[in-house]
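Each remark here refers to the structure printed beneath this line.
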2 protein chains.
Amino acid sequence: MKNITIKDIARELNLSTSTVSRALRDSTEIGAETKKRVLELAHRLDYNPNPVALSLLSSQSNDIGVIVPEIANPFFAIVIAGIEDVAFAQGYHVVIYQSHEDYEREVLNVKHIYNRRKDGLLVSVATTTTDYTHFKNIHERGFPIVFFDRICEEIDTHSVSVDDFEGGYKATEHLIQQGCQRIAHVSGPDHLLISRRRFQGYRAALLDYGRPLLDDLVISSPYSPANALETVQLLLTMPNRPDGIFASSDNIAIGCHAAIIAAGLRMPEDIALVGFSDLPIAAMLNPPLSSVAQPAFEMGRSAAELLIKLIRNPGEHGTSINNTLKTKLMVRKSSMRVSESN
Amino acid sequence: MKNITIKDIARELNLSTSTVSRALRDSTEIGAETKKRVLELAHRLDYNPNPVALSLLSSQSNDIGVIVPEIANPFFAIVIAGIEDVAFAQGYHVVIYQSHEDYEREVLNVKHIYNRRKDGLLVSVATTTTDYTHFKNIHERGFPIVFFDRICEEIDTHSVSVDDFEGGYKATEHLIQQGCQRIAHVSGPDHLLISRRRFQGYRAALLDYGRPLLDDLVISSPYSPANALETVQLLLTMPNRPDGIFASSDNIAIGCHAAIIAAGLRMPEDIALVGFSDLPIAAMLNPPLSSVAQPAFEMGRSAAELLIKLIRNPGEHGTSINNTLKTKLMVRKSSMRVSESN
DNA sequence: GTGAAAGCGCTAACAG
DNA sequence: CTGTTAGCGCTTTCAC
């Protein structure tokens, strides 16, 4: 597995390695003739500079690390596509890491990214993370970090998120307008900022419309359909069951959806349902699921842009930018009780 | 962003870098006292060896590269989880790449993996790939490769796949046993081995049961629900529409599912449907989708094990192992016309 | 038991 | 214009 090095070319052409190096980078101060010979041979030999050597030399890698909880979650997959879109165009390669919602794993990932001299980090934190020192450590050493979606407020750096409050508000308001009287909320893990903000939107909408906030209509579930299914069955067998549900994520909503069907209830007649994220699968369900759309691709793009800005202007510790993107309620059959005439 | 190096430790302790290096690797021929002092200081300073330097020195990285078409596809996400499971345990880090079903992108990914001195490659090829020279090149140079799921027969190396023929056979046989008379097949991209094999299973089952193979009941679709939805609408509006569909993947089946619902047809009464892969979402659909389960996690584990074996025993060009895993038909409501009493 | 020196592949002063 | 030297961080002969 011998690879061609700059040395091989130098020997072959009776030049020094530095001359070859310069010719390859197209330095102006190189004989046109020499340059041509070098380029020609390099191409013929299929020479590729060893990125590892470059990396050792420059302490850079042209890689940016991305940590997401799960790549299997289409939301994150789309965000990553957005990240790749701008990173690729700027000459960066994206290296994907999964925390699997596990704190220990996240710490390891951060270490790997930092030690391997990645140029920066994009991260959406794991649900189990409550201690942020692993991020703080590298942030203090000047390592560029941008948080997206599940951001960490304790660290003063750029971030990108959506207006979760507004999303929660719009979803709940919609259910009210559809005539729902008892609107439940299945929230995500409590210590996640996005969970809390979506809940706050839910609460604010209820209050604004003069509805009571009933404790037993608010339950929390992990971000998985199977878990949500189980959790929500409790809600459905209550003596006074809800006639509307706002789920804090589509994965949770998918579980609710299945539970409602399994319980033999009609959607939206008996229970109206709204999710959050508008994953591609939402429109494919039966009945199709209403959901608060997040601009996932755009989120990825924005996060990558901010990170690259940070990488290219080190030290410049100006004010941190917190880009908040807008959500959009996609109304589909799962919540459409009143025919909308707009 | 200054990092502690072996040199810092040496200076501090008035030792040479080589001594420190040896102490750190716990070499036997080092004074117990010295070793203790080095270890102690290294720990106090939070010393981390620079992996890039190691990599330059050894031409290894302890990273293995994985190329999948799309991480958003839960099947691949689960395979990756399986890969990570064994890789992690063996001290390897998994670096994930996406080809996005694009040949050019796949070539770039392969180059990156090879140039960055990853220790090996696990790959499921893109649908648009018809030329395999990028794989052949590095394979000839002794670079370890293992194919999984979408394998490449032209290259003599280990691979892991499922018995696609058997899966297609079982799915079709099941539909026949459910009383379906006109069974359609929505296949994946034609040049993909797995598509062809699943189709062959379908054909064989029809023949074995004395059914005709009707050309207009076999159509091909890309692996995406939206595309499949569109494609399958043609089938449903045929004068003599099918009463059973075997879809070559769950993503295709999800599109079929939505199309059938949208057409106002009953499932399984009017049309019975079976998918392939048994993604987690399958059981959550309404009605729940029957599907041929593939051991995705196991596939990842097996592929990783084979690759690591290849990495650790280079040169040992014994016979290539082609591990074929078994499928299992999961019967759910979407295809259950006859109550099964087993 | 420990140090000096060389080298992995490449670039960047520093000389000519 | 081109060659020499040094060094990125680390391991590994080869000496002592």
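The values are calculated or read from the model by the stated rules, or taken from the named source; none is laboratory data. Everything quoted here is computed from the prediction, not taken from an experiment. No Cβ is skipped: glycine too gets one built from the backbone with ideal geometry, and neighbour counts run over all protein chains shown. Remember, those area values only see protein heavy atoms, side chains included, never the ligands or the DNA or RNA. Shrake-Rupley method; radii C 1.70, N 1.55, O 1.52, S 1.80 Å.
Please compute the volume of the convex hull spanned by the alpha-carbon atoms of segment B:6-49 and report it per residue in Å³. Before the final figure, lay out the partial values.
Values: hull volume 2.6 nm³, N = 44.
Dividing the Cα hull volume of segment B:6-49 by its residues yields 59 Å³.
Using 0.36 nm per residue, how much length does the chain from residue B:115 to residue B:14 gain when fully extended, once their Cα-Cα distance is taken away?
Working: separation 101, 0.36 × 101 = 36.36 nm, distance 3.79 nm.
Answer, rounded to one decimal: 32.6 nm.
Give the Rg (one decimal place) followed by the Dmax (whole number) of the protein assembly as shown, computed from C-alpha coordinates and expressed in Å.
Gyration radius and largest Cα-Cα distance of the protein assembly as shown: 28.1, 89 Å.
For segment A:272-314, what is the convex hull (Cα atoms) projected area averaged across all directions, in square nanometres?
Values: hull surface 13.4 nm².
Over every viewing direction, the Cα hull of segment A:272-314 projects on average to 3.4 nm².
Return the equivalent ellipsoid semi-axes of segment A:14-163 as a descending list in whole Å, where each equals the square root of 5 times an eigenvalue of the C-alpha gyration tensor. Numbers along the way, then the final one.
Numbers: eigenvalues 312, 52, 35 Å².
Those come to 40, 16, 13 Å.
How far is residue A:222 from the same spot in each other copy, in nm, shortest first, if each label point sits 7 Å from Cα toward Cβ?
Label-point distances to the other copies, shortest first: 3.5 nm.
Can you list, shortest first and in nm, the gaps between the label point of residue B:322 and those of its counterparts in the other copies, using a point 7 Å from Cα in the C-beta direction?
The answer, with the shortest distance listed first, is 5.8 nm.
Taking trypsin sites (Lys or Arg not before Pro) as candidate sites, keep only those in a DSSP loop with at most 12 other Cβ atoms within 10 Å, then name the longest stretch of chain B containing none of them.
Values: sites that count: B:2, B:25, B:141, B:266, B:326.
Looking at chain B, B:142-265 is the longest stretch - no exposed trypsin sites (Lys or Arg not before Pro) with at most 12 other Cβ atoms within 10 Å.
Per-residue accessible area for residue B:165 at 1.4 Å probe radius, Å² rounded to 10?
Spelled out: residue B:165, probe radius 1.4 Å, area about 80 Å².
Which whole number of Å³ per residue matches the convex hull of the alpha-carbon atoms in segment B:230-307? Spell out each step's value before the answer.
Values: hull volume 7.1 nm³, N = 78.
Cα-based convex hull of segment B:230-307, divided per residue, equals 90 Å³.
How much length is gained if the chain between residue A:60 and residue A:233 is pulled fully straight, taking 0.36 nm per residue apart and subtracting their Cα-Cα distance, in nm to one decimal? Spell out each step's value before the answer.
Numbers: separation 173, 0.36 × 173 = 62.28 nm, distance 5.16 nm.
Stretched out fully, the residue A:60 to residue A:233 stretch lengthens by 57.1 nm.
When the chain is fully extended, how far beyond the present Cα-Cα distance does residue A:102 get from residue A:182, taking 0.36 nm per residue of separation?
Details: separation 80, 0.36 × 80 = 28.80 nm, distance 3.52 nm.
Gain on stretching residue A:102 to residue A:182: 25.3 nm.
Around residue A:86, under 9 Å between beta carbons, what's the net of Lys plus Arg minus Asp minus Glu among the other residues?
Numbers: positive: A:301; negative: A:84, A:85, A:305.
That works out to -2.
Once the Cα gyration tensor of chain B is found, what semi-axes does its equivalent ellipsoid get, as square roots of 5 times the eigenvalues, in whole Å, sorted largest first? Could the numbers behind the result be given before it?
Values: eigenvalues 535, 76, 58 Å².
Working through the eigenvalues yields semi-axes of 52, 20, 17 Å.
Regarding segment A:84-191, what are the three Cα extents along the principal axes, ordered largest first, in Å?
56, 33, 24
Viscosity 1.002 mPa s, temperature 20 °C: Stokes-Einstein D of segment B:270-342 from its Kirkwood Cα radius, in µm² per second? If you can, show how the numbers build up before the last one.
Numbers: Rh = 14.9 Å.
It comes out at roughly 144 µm²/s.
Give the A-B buried accessible area in Å², both sides summed, 1.4 Å probe, nearest 100. Intermediate results must be reported in sequence, preceding the final value.
Working: alone 16950 and 16900 Å², together 29410 Å².
About 4400 Å² of accessible surface is lost on pairing.
Extending each Cα 7 Å along its Cβ direction at residue A:213 and residue A:270, get the distance between those two points in nm, one decimal.
3.0
For segment A:128-184, take N as its residue count and report Rg(C-alpha) divided by 2.2 N^0.38 Å. Before the final figure, lay out the partial values.
On the way: Rg = 17.6 Å, N = 57, 2.2 N^0.38 = 10.2 Å.
After normalising by residue count via 2.2 N^0.38 Å, the value is 1.72.
Give me the dipole magnitude in Debye, nearest 20, for chain A about the Cα centre, with unit charges on the beta carbon: positive for Lys and Arg, negative for Asp and Glu. Walk me through the numbers before you get to the answer.
On the way: 34 positive and 40 negative charges, 160 e Å.
Taking the Cα centre of chain A as origin, the dipole is about 760 debye.
Where in chain A lies the longest segment free of GluC sites (Glu not before Pro) that are both loop residues by DSSP (not H, G, I, E, B) and have at most 12 other Cβ atoms within 10 Å? Intermediate results must be reported in sequence, preceding the final value.
Details: sites that count: A:29, A:153, A:154, A:269, A:316, A:340.
Here the longest segment lacking exposed loop sites spans A:30-152.
Segment B:1-76: Rg/Rh from Cα coordinates, Kirkwood Rh?
Details: Rg = 17.9 Å, Rh = 14.8 Å.
Checking Rg against Rh, the ratio lands at 1.21.
Once every Cα of segment B:164-294 carries one equal point scatterer and solvent is ignored, give the base-10 log of I(q)/I(0) from the Debye formula at q = 0.17, 0.21 Å⁻¹, two decimals.
Those come out to -0.77, -1.25, one per q.
Hey, what number do you get for chain B at 222 nm if only DSSP H runs of n ≥ 4 count, each worth -39500 (n - 2.57), divided across all residues, to the nearest 500? Intermediate values should be presented prior to the final figure.
Working: 12 runs with 146 residues, N = 342.
The helix-only estimate for chain B comes to -13500 deg cm²/dmol at 222 nm.
Suppose R0 equals 35 Å. What FRET efficiency, 1/(1 + (r/R0)^6) with r the Cβ-Cβ distance, do residue B:7 and residue A:89 give to the nearest 0.05? Don't skip to the answer; put the middle values down first.
Numbers: r = 38 Å, r/R0 = 1.10.
For residue B:7 and residue A:89, the calculated efficiency is 0.35.
Once you place label points 7 Å from the Cα toward the Cβ at residue A:263 and residue A:220, how far apart are they in nm?
Distance between label points: 2.2 nm.
Kindly give the distances from residue A:58 to its copy-mates, label point to label point, with each label point 7 Å from Cα along Cα→Cβ, as nm values to one decimal ordered shortest first.
Label-point distances to the other copies, shortest first: 2.5 nm.
How much of the calculated P(r) for segment B:176-252 lies past 17 Å, in percent of all Cα pairs? Could you put the intermediate results ahead of the total?
Values: 1220 of 2926 pairs.
It works out to 42 percent of all Cα pairs.
Anything over 26 Å Cα to Cα? Flag those among A:35/B:136; A:118/A:326; A:118/B:7; A:111/A:309; B:170/B:333; B:2/B:309, in the order listed. Don't skip to the answer; put the middle values down first.
Working: A:35/B:136 31 Å; A:118/A:326 31 Å; A:118/B:7 22 Å; A:111/A:309 22 Å; B:170/B:333 17 Å; B:2/B:309 38 Å.
The answer is A:35/B:136; A:118/A:326; B:2/B:309.
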